[in-house]
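Please read the structure below before turning to the comments.
We did not get these values from a lab; they are worked out from the coordinates using the rules stated. Since we're looking at a predicted model, the values are computed, not measured.
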Amino acid sequence: MFTFIVKGGVMMYLLLVASVLVIAIIINRFLYFRKIRTDEDKLFTGIKDKLRSHGPQAAIAYAQKTVGPIANILKAGLHHYDRGVEKIEEAFEREALIEVPLLKKYLPALNTIGSISTLMGFTGTVLGMINAFNSIAGANTTSPAIVADGIAQALTTTAAGLIIAIPALIAYYYFSHQAETVMLETEKISRNLLDLIESENIVLPAAADSVAGEDLRETEQGTERGTERGTEQGTERGTEKRTDQGTEREN
């Protein structure tokens, strides 16, 4: 292995670094997507049942048992449950701004390494051919043994670049597809939750108490207004009677 690297020349050391980075990113992304794997239907059903039976706090507690961006986005919206559908949707969007970059983390680097690895390999090829022609020029002969080292360097770096680039690009497109799938599932389940809240008109106990309190205040205000009107009318009638009685006595 060491001999293989040495024969490739200086570009092989750069390709070695690139290969280490590719392996590290692939392992990282594989473990991450494995960790956040979620049964979306089960999660939504559980949140829906908890929301109907025990309210948003129970739904949040249920979502906290699940790891991943889908559960995190739903939890962010449920924390604003008592503020209306628009606020819930805004909370979804804010949390998505945090979770989406985590889904795509390191993927641009993986794509870049996959693209430039072939270029580094071709650069090594050019350098190898230059060495081969320099060897011919220095020896004043065209013996195959003279150009063998240069050609070996050229072929070695080309092969190394392709060996790194192909798995890197395959992994990039695979993990990008995984990220897109998670984002689509998150959007779908978020919309389903909003539709559930709007269609069933689920109200928090606290919100219901607030509405009841407003109704009670309106009733009290109406009663006070009615009492004030009755008092004013009684006072006016009494004044009119006294005025009429005084007028009759004078007559």
So between Thr45 and Leu162, what do we pick up on full extension, going 0.36 nm a residue minus the alpha carbon distance? 37.5 nm
Output the pairs from Lys50/Lys75; Lys42/Lys75; Lys35/Lys104; Lys42/Lys104; Lys65/Lys104; Lys75/Lys188 with a Cα-Cα distance over 19 Å in this structure; if there are none, say none. Lys42/Lys104; Lys65/Lys104
Here segment 116-131 yields Karplus 3J(HN,Hα) values (6.51, -1.76, 1.60; θ = phi - 60°; whole Hz; Gly and Pro given as x) of 7, 4, 5, 5, 5, x, 5, 4, x, 4, 4, 4, x, 5, 4, 4
Among rounded, prolate and oblate, which fits segment 4-126 when a ≥ b ≥ c are the square roots of the eigenvalues of its C-alpha gyration tensor, a/c under 1.5 means rounded, and a/b larger than b/c means prolate? prolate
Any chance you could run the full-extension gain for Arg52 through Arg83? It's 0.36 nm times the residue separation minus the Cα-Cα distance, nm to one decimal. 9.4 nm
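For Cα pairs less than 8 Å apart in space and 6+ apart in sequence, what is the mean separation divided by the residue count of segment 47-176, i.e. the relative contact order in percent?
Taking the mean separation of contacting Cα pairs over the length of segment 47-176, I get 21 percent.
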